[in-house]
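Take a look at the structure set out below.
The values are calculated or read from the model by the stated rules, or taken from the named source; none is laboratory data. Computed from a predicted model, the values in this text were never measured in an experiment. Reconstructed Cβ throughout: ideal geometry from the backbone, glycine too, with neighbour counts over all protein chains shown. Each accessible area value is taken on the protein alone, full model and side chains, heavy atoms only, with ligands, DNA and RNA left out. Shrake-Rupley method; radii C 1.70, N 1.55, O 1.52, S 1.80 Å.
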Amino acid sequence: MLTGNNIKVLLVGASGMVGRNILELYSDGNYNFITPDSRELNLLNQNSVYNFLEKTLPDIIIHAAARVGGIHSNISNPIAYFSENLQMGINLIKSSKNLGIKKLMNIGSSCMYPSMFLTPIKESDLLTGRFEKTNEAYAISKTTVAKYCEYISLNPSYKYKTIIPCNLYGRYD
């Protein structure tokens, strides 16, 4: 998805672990990264997202922003995890589609897969079982955003993809 010279890439979530690693990996100068913080781009506000995208018109969007936390935080704040992650994704994807931005990469989460699977998990196993109860709200929001990308990509001129890392750890964690 990231090929060519001087491609304008909007990376939301650039200050997080995933975003920082993406910036470091692709710091070769072939990409012009736009990395707004939440003061410059409020992903929870549809007008803010649309106006920012209309002004910058990136070639590619990488959606690495999320409300994240540990198990205790997920259990204590399911409404915030559900509503904020869902709203960020919907606002970004809807505005991108409406403005004709053709490429978007959405970062999913391994919690999108069913818990208690006895065999190795395949992509086709999404939505075939219950989510882990401790992070169900987060998983539902991330899965919904992934499905939104999938539906938009039914139009072959749009390449809205979700990648689901098996786990995230490492530098900047």
Response to the item:
Taking trypsin sites (Lys or Arg not before Pro) as exposed when in a DSSP loop with at most 11 other Cβ atoms inside 10 Å, the chain has its longest clean stretch at 40-121
Worksheet item: In region 1-58, what chymotrypsin sites (Phe, Trp or Tyr not before Pro) fall in a loop by DSSP, with at most 16 other Cβ atoms inside 10 Å?
Response: Tyr26
Response to the item:
Per-residue ellipticity at 222 nm attributable to helices in the chain (runs of n ≥ 4 DSSP H, -39500 (n - 2.57) apiece, nearest 500 deg cm²/dmol) works out to -11500 deg cm²/dmol
Discussion item. Explain nothing, just the number: relative contact order of the chain, from Cα pairs under 8 Å at least 6 residues apart, as a whole percent.
Written reply: 24 percent
Discussion item. List the chymotrypsin sites (Phe, Trp or Tyr not before Pro) within region 78-173 that DSSP assigns to loop and that have no more than 14 neighbouring Cβ atoms inside 10 Å.
Written reply: Phe117, Tyr169, Tyr172
Item to complete: State in Å² the accessible area per residue of the chain; use a 1.4 Å probe, count heavy atoms of protein chains only, and round to the nearest integer.
Response: 57 Å²
Worksheet item: Of Lys8/Lys159; Lys55/Lys161; Lys97/Lys147, which ones are farther than 19 Å apart at the Cα?
Response: Lys55/Lys161
